[in-house]
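Participant: Can you read through this structure? Questions will come right after.
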Amino acid sequence: MVNAEHLDLIKQGVEVWNNWRAQNLLTRPDLEGANLSGHILEYANLDQANLAYSNLEGADLRQANLHKASLKGANLRMADLIHANLETAHLECANLEGADLYKTNLTQAKCHKANLSKAIIRRANLVGANLKATENSLTDYFQANMMRVNLYMANANQANLEGANLIEANLGLANFLEANLRKANLCRANLYRANLCRANPYEALLKGTTMPDGTIHE
């Protein structure tokens, strides 16, 4: 349940909020279930904050620090997260439909069953992120660094993965129907039983890749 004092502080603006954080380094903000839809939270220090099940639809979170923050089940639909730090953040079952995550740091983020459909994740860092069973229809991962990402059983129907780094990624049982994999680096990735029907793998790197039929690409 949201802490009323913490909610009041963040609604006073980022300057007030960040000053309070600087003076209360050992306090973990509790904003669980808070309604912050459309709020301007650019550069906000939300490090390790509890934002589970909060409503951040359309919020401005550009360059916000969400390191290790809990955003489980949060509504981030159409939120602006450009250059935000979401390293090791918890985003399980969160709704990020249409969110802008351009160059966002999602290293080792936990996004199991999150909705990332139509999100812009171009050139973002997702090294080691868990995207198991995520929804990625029409998601734009252009040139994203997805090394060792877990996309097992994910739906990436018509997703744009052009130039993405998918080295050693787990893509088993994922759906890449009509996905754009042009120039993607899939070396040593696992594509076992993945659906590549009508996908575009033109100029993709496949050395050592486990193909959908279980064979290893030479």
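Participant: Are any residues in region 124-133 of a type outside the set (A, V, I, L, M, F, W, C) and out of contact with any Ser or Thr (no Cβ under 9 Å at 6 or more places or on another chain), and if so, which ones? Break it down into steps so the answer makes sense when it comes.
Facilitator: Within region 124-133, the first condition is being of a type outside the set (A, V, I, L, M, F, W, C), and the residues that meet it are 125, 128, 130, 132.
Hits for region 124-133 are N130, K132.
Participant: To continue, here is another question. Can you tell me which residues in region 97-117 are more than 23 Å from N170 (Cβ to Cβ) and either in contact (Cβ under 8 Å) with a residue 60 or more places away in the chain or in contact with a Ser or Thr (Cβ under 9 Å, 6 or more places away or on another chain) (or both)?
Facilitator: Listed by number, the residues that qualify are E97, G98.
Participant: Going by the conditions given, is L186 surrounded by 21 or more Cβ atoms within 10 Å (Cβ to Cβ), modelled with pLDDT of 95 or more and over 18 Å from the mean Cα position of the chain (by Cα)?
Facilitator: Spelling it out, L186 is indeed surrounded by 21 or more Cβ atoms within 10 Å (Cβ to Cβ), modelled with pLDDT of 95 or more and over 18 Å from the mean Cα position of the chain (by Cα).
Participant: Which pairs turn up if I take residues in region 178-190 that are free of Cβ contacts under 8 Å to residues at least 24 places away in the same chain and under 14 Å from N145 (Cα atoms) and look for partners that are open to solvent by 20 Å² or more (accessible area, probe 1.4 Å) and assigned to a strand (DSSP E or B) with beta carbon separation below 7 Å, at least 6 apart in sequence or on another chain?
Facilitator: L181/N200; N185/N165; N185/L205; L186/L205; C187/L205
Participant: What residue, of E203, E168, E162, is within 23 Å of G214 (Cβ to Cβ), without any contact (Cβ under 8 Å) to a residue 24 or more places away in the chain and over 14 Å from the mean Cα position of the chain (by Cα)?
Facilitator: E168
Participant: Which residue pairs have Cβ atoms under 7 Å apart, sit 6 or more places apart or on different chains, and have a first residue in region 59-81 that is under 18 Å from S117 (Cα atoms) and a second that is hydroxyl-bearing (S, T, Y) and open to solvent by less than 10 Å² (accessible area, probe 1.4 Å)?
Facilitator: Cβ pairs passing all conditions: A74/S54; L81/T104.
Participant: Can you say whether A133 is buried (at least 20 other Cβ atoms within 10 Å of the Cβ) and modelled with pLDDT of 95 or more, as far as the supplied structure shows?
Facilitator: no
Participant: Is it the case that some residue within region 42-53 is part of a loop (DSSP other than H, G, I, E, B), under 25 Å from S117 (Cβ atoms) and open to solvent by 30 Å² or more (accessible area, probe 1.4 Å)?
Facilitator: Within region 42-53 (the criterion being part of a loop (DSSP other than H, G, I, E, B), under 25 Å from S117 (Cβ atoms) and open to solvent by 30 Å² or more (accessible area, probe 1.4 Å)), the answer is yes, since at least one residue qualifies.
The values are calculated or read from the model by the stated rules, or taken from the named source; none is laboratory data. Just so it is clear, the model here is predicted, and its values are computed rather than measured. Quick reminder, even Gly has a Cβ in these numbers, built from the backbone with ideal geometry, and neighbours come from all protein chains shown. The accessibility values were calculated without ligands, DNA or RNA, using every heavy atom of the protein model including side chains. Shrake-Rupley method; radii C 1.70, N 1.55, O 1.52, S 1.80 Å.
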